[in-house]
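This report concerns only the one structure given below.
The values are calculated or read from the model by the stated rules, or taken from the named source; none is laboratory data. Values in this document were obtained by computation on a predicted structure and should not be read as measured data. Positions of Cβ are generated from backbone atoms using ideal geometry, with glycine treated the same way; all protein chains shown enter the neighbour counts.
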Amino acid sequence: MSQPQNTFKLNDGIHHIPMIGLGTFNGTKQGEVGNAVKVALKSGYRHIDGAAFYSNEKEIGHSLKEVFAEGEIKREDIFYVSKLWNSCHRASLVRKHCEKTLEDLGLEYLDLYLIHWPIAFENADPSGLTTESLKDEKGYPIIAPISIRETWQEMEKLVENGLVKSIGVSNFNVQNLLDLLTYAKIKPAVNQVELHPYLSQPNLKDFCDRHGIILTAYSPLGQGKCDLLTNELLKSIADKHNKTIANIIFKWLCQRGIVTIPKSSNPSRIIENFNIFDFQLSNDDMEKINSLNSNLRTCSPTRMWNIPLFD
Ligand code: A2P
């Protein structure tokens, strides 16, 4: 089979992930996310990145149903990603949560299912059927004694049973991956991490390249929490190519072989963000952008859960 346009091949040698997808976390708020998905699919996106934790899969499911009903875009034309939340890692829960996501989305299979974080939380509900985690007296989630190995083995069964085409991980560091690779029968296809010019992750990228794992960059614009979108160096490269700074960042990622999933609920920005396939950055541009790395993280598990995963 020939390689579909603007995709990277996954390590099973069969499936392909589109280089750019629409992120659906908070940025695309409840009530707006359904519209964002429709705008994205109609303007050329073929990759949607979601998660059970975002609590919007039903709304997205409605939009997918409407888009498919129009007849131009079929299920098999799109690449749909979802993620297993931290409180759902127990072996007995993995398939149930995947099935819930499929039901909410109205899909028969996912193209890619990721372990959202390499951290297991106790579920607040004894049945384990919610994504709510049990909290300690300070309000932090209680860590559950469940290994990633237990969870991964269930993820592998989802592939074997046809619920998902590929499996991968998110927010895994090199140590997490090293361990996973010692027992994985199915290697992770993707590791989705925070990645942008201020956090360009050269060592993780190199490690993933050596093990055939594609990196996906979330928060490629730093969630709007830093000054990436006004950075002077990026602005000068953007002006030279007659593009926006966002376009330059996404192109820099694609040329490094990294998938990206910018979030937006604004139709014109959704369209703008996809407009990266008609120009090329020079080696000099690439190196200048690489030089902006300052290991600045906007998504901190220390802040959220008091777990210093990356510190
Ligand atoms: P909006 O929904 O109003 O477009 P990230 O993907 O790094 O987390 O960044 C998401 C944030 O960046 C959202 O707040 C989104 O706001 C904004 N955003 C997305 N695309 C662009 C763009 N092309 N230019 C400026 N801001 C953008």
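The set of residues in the range 100-124 that are over 19 Å from the mean Cα position of the chain (by Cα) and either more than 30 Å from residue 64 (Cα to Cα) or of a type in the set (S, T, N, Q) (or both) comprises 121, 122, 123, 124.
Based on what the data block shows, is residue 300 among the hydroxyl-bearing types (Ser, Thr, Tyr) and in contact (Cβ under 8 Å) with a residue 40 or more places away in the chain? Show your work before the answer.
Numbers: among the hydroxyl-bearing types (Ser, Thr, Tyr): yes; in contact (Cβ under 8 Å) with a residue 40 or more places away in the chain: no.
Criteria not met by residue 300.
If you check residue 60 against the conditions, is it buried (at least 20 other Cβ atoms within 10 Å of the Cβ), touching a Ser or Thr at 6+ places or on another chain (Cβ under 7 Å) and over 25 Å from residue 309 (Cβ atoms)?
On the way: buried (at least 20 other Cβ atoms within 10 Å of the Cβ): yes; touching a Ser or Thr at 6+ places or on another chain (Cβ under 7 Å): yes; over 25 Å from residue 309 (Cβ atoms): yes.
Considered against the rule, which asks whether it is buried (at least 20 other Cβ atoms within 10 Å of the Cβ), touching a Ser or Thr at 6+ places or on another chain (Cβ under 7 Å) and over 25 Å from residue 309 (Cβ atoms), residue 60 comes out as yes.
Sort out which residues of the range 64-87 are out of contact with any strand residue (DSSP E or B) (no Cβ under 9 Å at 6 or more places or on another chain) and not basic (Lys, Arg), and write them in order of number. Please lay out each step first, then the result.
Let us first name the residues in the range 64-87 that are out of contact with any strand residue (DSSP E or B) (no Cβ under 9 Å at 6 or more places or on another chain), namely 65-77.
Within the range 64-87, 66, 67, 68, 69, 70, 71, 72, 73, 76, 77 qualify.
Total residues in the range 204-239 satisfying the condition of being among the hydroxyl-bearing types (Ser, Thr, Tyr), over 29 Å from residue 15 (Cα atoms) and within 15 Å of the ligand (Cβ to nearest atom): the figure is 1.
Please verify whether the range 40-49 includes one or more residues that are within 12 Å of the ligand (Cβ to nearest atom), closer than 12 Å to residue 266 by Cα and either of a type in the set (D, E, K, R) or crowded, with 24+ Cβ neighbours inside 10 Å (or both). Full working, then the answer.
As a first pass, look at the range 40-49 and keep what is within 12 Å of the ligand (Cβ to nearest atom): 40, 49.
Then keep just the ones that are closer than 12 Å to residue 266 by Cα; that gives 40.
Still in the running and either of a type in the set (D, E, K, R) or crowded, with 24+ Cβ neighbours inside 10 Å (or both): 40.
Within the range 40-49, one or more residues are within 12 Å of the ligand (Cβ to nearest atom), closer than 12 Å to residue 266 by Cα and either of a type in the set (D, E, K, R) or crowded, with 24+ Cβ neighbours inside 10 Å (or both).
Listed conditions (1) within 8 Å of the ligand (Cβ to nearest atom); (2) more than 29 Å from residue 12 (Cβ to Cβ) are all met by residue 196, apart from (2).
Please indicate, with yes or no, whether at least one residue in the range 240-260 is within 10 Å of the ligand (Cβ to nearest atom), modelled with pLDDT under 95, of a type outside the set (S, T, N, Q) and surrounded by 15 or more Cβ atoms within 10 Å (Cβ to Cβ). No, the range 240-260 contains no residue that is within 10 Å of the ligand (Cβ to nearest atom), modelled with pLDDT under 95, of a type outside the set (S, T, N, Q) and surrounded by 15 or more Cβ atoms within 10 Å (Cβ to Cβ).
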